[in-house]
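Engineer: Mind having a look at this structure? Questions to follow.
The values are calculated or read from the model by the stated rules, or taken from the named source; none is laboratory data. Predicted model, so just to flag it, every value in this text is computed and none were measured. Cβ coordinates were reconstructed from backbone atoms using ideal geometry, including for glycine residues, and neighbour counts include every protein chain displayed. Remember, those area values only see protein heavy atoms, side chains included, never the ligands or the DNA or RNA. Shrake-Rupley method; radii C 1.70, N 1.55, O 1.52, S 1.80 Å.
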Amino acid sequence: MPRVQIPTPLRPQTGGADEVQADGATVGEVLADLGRQHPAIQDRLFDGEELRRFVNIYVNNEDIRYLDDLATPVAPTDEVSIIPA
């Protein structure tokens, strides 16, 4: 299961955890699973269906905006990082 790195400002929404495992084959699915596990984080990341403009997501240190955005494939060994702008 991919690991999601949680930045300090969002840790209260994950019970203080700095890393959470979330299931999914794409970044969008991983973030949806993260939101199911920790509902309070959903509104901090998304505005409706779109990522908030000040939230940057990286897969293995690569910005998803230069890949396939939320459709970027994620392997079970990948690391997804949430970086607030």
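Engineer: Out of all the residues in the range 63-79, which are open to solvent by 60 Å² or more (accessible area, probe 1.4 Å) and free of Cβ contacts under 8 Å to residues at least 60 places away in the same chain?
Structural biologist: Within the range 63-79, the subset open to solvent by 60 Å² or more (accessible area, probe 1.4 Å) is 65-69, 71, 73, 76-77.
The answer is R65, Y66, L67, D68, D69, A71, P73.
Engineer: Determine whether the range 52-60 contains at least one residue that is touching a Pro at 6+ places or on another chain (Cβ under 7 Å) and open to solvent by less than 80 Å² (accessible area, probe 1.4 Å). Steps first, answer last, please.
Structural biologist: Restricting attention to the range 52-60, the residues satisfying the condition of being touching a Pro at 6+ places or on another chain (Cβ under 7 Å) are 54-55.
From the residues that got through so far, the ones that are open to solvent by less than 80 Å² (accessible area, probe 1.4 Å) too are 55.
Within the range 52-60, one or more residues are touching a Pro at 6+ places or on another chain (Cβ under 7 Å) and open to solvent by less than 80 Å² (accessible area, probe 1.4 Å).
Engineer: Return only the number of the condition from (1) buried (at least 17 other Cβ atoms within 10 Å of the Cβ); (2) in contact (Cβ under 8 Å) with a residue 24 or more places away in the chain that Q5 does not satisfy.
Structural biologist: All conditions pass for Q5, except number (1).
Engineer: Does R11 satisfy being without any contact (Cβ under 8 Å) to a residue 40 or more places away in the chain, under 15 Å from I83 (Cβ atoms), open to solvent by less than 90 Å² (accessible area, probe 1.4 Å) and in contact with a Phe, Trp or Tyr (Cβ under 9 Å, 6 or more places away or on another chain)?
Structural biologist: Numbers: without any contact (Cβ under 8 Å) to a residue 40 or more places away in the chain: yes; under 15 Å from I83 (Cβ atoms): yes; open to solvent by less than 90 Å² (accessible area, probe 1.4 Å): yes; in contact with a Phe, Trp or Tyr (Cβ under 9 Å, 6 or more places away or on another chain): no.
No; evaluated as a whole, the condition is false for this residue.
Engineer: Of the residues that sit in the range 25-45 and are open to solvent by 20 Å² or more (accessible area, probe 1.4 Å) and either touching a residue at least 24 places away in the same chain (Cβ under 8 Å) or assigned to a strand (DSSP E or B) (or both), which one is farthest from P73 (Cα to Cα)?
Structural biologist: Step one: of the range 25-45, the residues open to solvent by 20 Å² or more (accessible area, probe 1.4 Å) are 25-26, 28-29, 32-33, 36-40, 42-44.
Narrowing further to those that are either touching a residue at least 24 places away in the same chain (Cβ under 8 Å) or assigned to a strand (DSSP E or B) (or both): 25-26, 28-29, 38, 40, 44.
Values: A25: 6, T26: 4, G28: 9, E29: 9, H38: 22, A40: 25, R44: 22 Å.
Looking at the filtered set, the residue picked out is A40.
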